[in-house]
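Notes to accompany the following structure.
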Amino acid sequence: MVEHLHRDPERGPRTLFATHYQELTQLEKHLPRLRNLSVAVKEWNDDIVFVRRVVPGATDRSYGIQVARLAGLPLPVIERAKAILGRLESDDASVTVAVPQARPKKKLTAVAPDDSQLNLL
């Protein structure tokens, strides 16, 4: 899509916004009119602050987990995402998926005391 939009400098868009598509940043090497810009971020410990300044270049990493925390996602979700990201960054692609154990379901039995109605017990 980006290549198609890039072809016509007169009719193509001047701006295209994308988030969480790190692969798109590589296109700047191949498409002469394409420029990567990003929002400047200040980091302190594990927190981030968007400083509301657009700077040349792509971001150096993803801030998805920090943004998820800012958005109020539950702490267990944040911790799980950190664990998975740590493995992926260490080239350990083996991620175990946590599957909740199914509880046994109550057995339902249909009893017909008369022909007019069924009752579930």
Original post:
Identify, please: which residue in the stretch 1-12 is open to solvent by 90 Å² or more (accessible area, probe 1.4 Å) and not in a loop (DSSP other than H, G, I, E, B) and is, among those, nearest to residue 53 (Cα to Cα)?
Top reply: 3
Subject >> Pair list, Cβ < 8 Å and 6+ apart or interchain, from the stretch 71-85 residues that are open to solvent by less than 80 Å² (accessible area, probe 1.4 Å) to residues that are hydrophobic (A, V, I, L, M, F, W, C) and not in a helix (DSSP H, G or I) >> reply: 84/95
Original post:
So which residues in the stretch 13-60 are part of a loop (DSSP other than H, G, I, E, B), open to solvent by less than 50 Å² (accessible area, probe 1.4 Å) and small (Gly, Ala, Ser)?
Top reply: 57, 58
**OP:** Filter the stretch 22-35 for residues that are of a type outside the set (D, E, K, R) and either in contact with a Cys (Cβ under 8 Å, 6 or more places away or on another chain) or within 15 Å of residue 5 (Cα to Cα) (or both) and give the result.
**Re:** 24, 27, 30, 31, 32, 34
**OP:** Run residue 63 past the list (1) open to solvent by less than 80 Å² (accessible area, probe 1.4 Å); (2) hydroxyl-bearing (Ser, Thr, Tyr); (3) modelled with pLDDT under 65 and report the number of the one that doesn't hold.
**Re:** (3)
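The values are calculated or read from the model by the stated rules, or taken from the named source; none is laboratory data. These numbers come from a predicted model, not from an experiment. When we count neighbours, we look across all protein chains shown, and the Cβ atoms used for this are built from the backbone with ideal geometry, even at glycine. For the accessible areas, the whole protein counts, side chains as well, though only heavy atoms, and no ligand, DNA or RNA atoms are used. Shrake-Rupley method; radii C 1.70, N 1.55, O 1.52, S 1.80 Å.
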